[in-house]
Structures are given as structure tokens and as C-alpha cells.
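The values are calculated or read from the model by the stated rules, or taken from the named source; none is laboratory data. Bear in mind the structure is a predicted one, so any value in this text is a computation, not a measurement. Here the Cβ is made from the backbone with ideal geometry for all residues, glycine too, and neighbour counts use every protein chain on show. Ligands, DNA and RNA are stripped out before the accessible areas are found, and what is left, the full protein with its side chains, is counted by its heavy atoms. Shrake-Rupley method; radii C 1.70, N 1.55, O 1.52, S 1.80 Å.
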Amino acid sequence: MGVWPEGKRCAVFLSFDYDAESAEVWRFPKGVIEQSKGQFAPRVAIPRILDLLDRLEVKVTFFVPGWTAETYPETVQEILSRGHEVGAHGYLHKKLNEVSAEEEEEIFERMMTALTDVMGEKPLGFRAPYWLYSERTIDHLKRYGFLYTSDFMNDDMPYMLRYKGEETGLVELPVEWFLDDWVLFETHRKTCSEVYETWLGEFEGIHELGRYLCLTFHPQTIGRISRLRMLEKLIREMKRRGDVWFPRGVDLARWWKERKA
């Protein structure tokens with residue numbers, strides 16, 4: 001043990017992909033019903049989630065597409081005002097491995113411009129839409145000076161990311177599909193009790209081993225009241241242990257990089 005700061009036994013990274021309806025806007029440009037699901041996030045879910053995080057005294061990271069920041073800037077500013085981090089999440093929620101080199105360059109430019117305009121500073125964390133990269137993505141991340149990514153699934157600890165055998169200078173905060181609310185709730189239609197038991201079981205193992213856990217949420221999914229109550233129950237159970245570190249992505253990445261320097 002002894003990996004984490006201040007005698008903490010494990011680290012839990014709580015992350016929210018604030019897509020709103022960015023994916024549906026390009027997939028279903030005339031689909032008012034398809035787009036409406038994502039609109040639940042800024043209309044209802046974001047205020048609920050922020051109030052819950054205030055009550056629990058936990059700071060988290062929201063990965064935000066540039067389109068969402070442009071369309072709902074007041075919600076992104078409210079996220080920042082509550083002490084949370086805003087990371088980058090593409091522009092329109094497109095798969096980077098399916099776009100041309102020219103379009104990917106445009107995506108990064110529009111993403112960075114939109115987020116920097118709303119935030120007043122550039123984001124330091126990046127999560128790719130659908131957790132998919134092209135062979136060019138790493139070069140874009142290095143060029144724009146990102147500190148960390150949160151996309152790979154090959155570990156349950158942070159690590160320094162290598163690409164094509166070379167160091168990138170980026171910290172990777174790994175993810176996993178079954179630790180993503182969209183997969184369990186929207187794809188597999190699991191109940192709150194089933195998801196709770198799945199995530200609690202993973203947390204208990206991570207806590208025992210002294211390692212790292214990343215949970216990924218989408219406001220339009222987790223923001224439904226029954227699911228949000230489930231999440232509150234889970235976080236309270238984690239906090240009850242008294243030895244769990246809840247860093248924002250940027251804080252975890254900075255700490256890890258300094259430790260490995």
C-alpha cells in the first residue's frame with residue numbers, strides 16, 4: 001500500500017461526459033425526439049448533479065464537447081464555479097477513427113476554441129468520444145498541450161502513456177465499459193440495484209487492493225432521480241470508509257506525473 005497521498009488507500013475518479021445532444025445533432029439533424037434525450041442534461045440533470053456533489057463535498061471532472069460548451073455556456077460556467085474541472089470531449093460527438101485528417105484537425109481547433117472561450121483557459125484533460133482514436137489523435141493531444149487522457153482500458157492504475165514505443169508525456173487515467181452508466185442503463189437496461197451491486201463490487205475489490213477506480217456517467221442517464229439516488233448511496237458508502245481519495249482528473253494526473261518524474 002502507501003501509493004496514494006495522505007495515507008489514502010485507493011483513488012476514485014468520478015467523471016461525467018456532458019454530451020447533451022451533441023451526438024444526436026450530427027446523427028439526426030432533424031430528429032427533434034432523438035435530440036430531446038440529451039436536452040434532459042442541461043434542463044434537469046446538471047443542476048441536480050451539482051447539488052448532489054455539493055452535499056457530498058466531492059469535486060469531479062466533466063468532459064464537455066465544444067458544441068455543448070457553445071450551446072450551453074452558462075451550465076459549463078456553473079460547473080466551474082462549483083469547483084469542478086472541465087475537460088475536452090471532441091466537438092460534435094464524432095468517432096475520431098472515422099473522420100478524415102482534415103476533419104479531425106478541425107474538430108480539435110473548434111473544440112479548443114469553444115472550451116477556451118467559455119472557460120477562460122484551455123482544458124488539460126481529454127476524453128475521446130466513444131473512447132476511439134485515429135492514428136493522429138495522440139499528435140493532436142501533444143500539440144495542444146494536454147496533461148492527461150482518459151480513454152484506455154488496459155490497467156486499473158494511472159500510468160504514463162506510450163504510443164508506438166515512445167513516451168507521450170501524457171498521463172492516462174484508464175476507463176472501462178462496465179463502469180460506464182450508458183452501457184448498463186441505456187444499452188443493457190439494468191436496474192438501479194443491479195448497477196449498484198456491480199459498481200460496489202468493483203469498488204470493494206479496488207479498495208482492498210489499494211488501486212484506482214474510474215466511473216463514467218452521462219448526465220442525461222445518471223440524472224434520472226432514481227439513478228441519482230443510487231449514485232448518492234454508492235458515494236456515501238465509499239466515503240464511509242474514510243480512506244478513499246476523490247481527485248478531479250487534473251489533480252490526479254498532476255500528482256501522478258510529479259510522482260513519476
**OP:** Would you please name the residue that is most open to solvent (accessible area, probe 1.4 Å), looking only at residues in region 145-168 that are small (Gly, Ala, Ser) and without any contact (Cβ under 8 Å) to a residue 40 or more places away in the chain?
**Re:** Gly165
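Which members of region 200-239 meet the condition of being among the aromatic types (Phe, Trp, Tyr) and farther than 19 Å from Phe63 by Cβ?
Passing the criteria: only Phe203.
Yes/no per residue for (1) open to solvent by less than 10 Å² (accessible area, probe 1.4 Å); (2) touching a Pro at 6+ places or on another chain (Cβ under 9 Å); (3) within 30 Å of Glu237 (Cα to Cα); (4) of a type outside the set (Lys, Arg):
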{"position": "Leu53", "(1), (2), (3), (4)": "yes, no, yes, yes"}
{"position": "Lys59", "(1), (2), (3), (4)": "no, yes, yes, no"}
{"position": "Phe63", "(1), (2), (3), (4)": "yes, yes, yes, yes"}
{"position": "Leu96", "(1), (2), (3), (4)": "yes, yes, no, yes"}
{"position": "Glu102", "(1), (2), (3), (4)": "no, no, no, yes"}
Original post:
Exactly one of (1) within 17 Å of Leu231 (Cβ to Cβ); (2) in contact with a Leu (Cβ under 6 Å, 6 or more places away or on another chain) is unmet by Glu172. Its number?
Top reply: (1)
Original post:
Within region 104-113, restricting attention to residues that are among the aliphatic types (A, V, I, L, M) and in contact with a strand residue (DSSP E or B) (Cβ under 9 Å, 6 or more places away or on another chain), which residue is least open to solvent (accessible area, probe 1.4 Å)?
Top reply: Met111
Original post:
Would you pick out the residues in region 169-187 that are part of a strand (DSSP E or B) and either open to solvent by 20 Å² or more (accessible area, probe 1.4 Å) or touching a residue at least 40 places away in the same chain (Cβ under 8 Å) (or both)?
Top reply: Gly169, Val171
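Residues of region 82-102 being closer than 20 Å to Glu21 by Cβ and more than 14 Å from the chain's Cα centre (by Cα), which ones?
Tyr91, Leu92, Lys94, Lys95, Leu96, Glu98, Val99
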**OP:** Taking the options Lys122, Lys190, Lys142, name whichever one is assigned to a helix (DSSP H, G or I), open to solvent by 40 Å² or more (accessible area, probe 1.4 Å) and free of Cβ contacts under 8 Å to residues at least 40 places away in the same chain.
**Re:** Lys142
Original post:
Considering region 229-249 alone, what residues qualify as being open to solvent by less than 10 Å² (accessible area, probe 1.4 Å), assigned to a helix (DSSP H, G or I) and in contact (Cβ under 8 Å) with a residue 60 or more places away in the chain?
Top reply: Leu231, Ile235, Met238, Gly249
**OP:** Answer yes if at least one residue in region 74-97 is within 27 Å of Lys164 (Cα to Cα), at pLDDT 95 or above and part of a helix (DSSP H, G or I), and no otherwise.
**Re:** yes
Original post:
Do we have any residue at all in region 201-210 that's exposed (fewer than 14 other Cβ atoms within 10 Å of the Cβ) and of a type in the set (Gly, Ala, Ser)?
Top reply: yes
**OP:** Would you mention how many residues in region 1-51 are surrounded by 15 or more Cβ atoms within 10 Å (Cβ to Cβ), more than 20 Å from the chain's Cα centre (by Cα) and among the aromatic types (Phe, Trp, Tyr)?
**Re:** 1
**OP:** Working only within region 1-38, note down all residues that are in a loop (DSSP other than H, G, I, E, B) and out of contact with any strand residue (DSSP E or B) (no Cβ under 8 Å at 6 or more places or on another chain).
**Re:** Met1, Gly2, Val3, Asp19, Ala20, Glu21, Phe28, Pro29, Lys30, Gly31
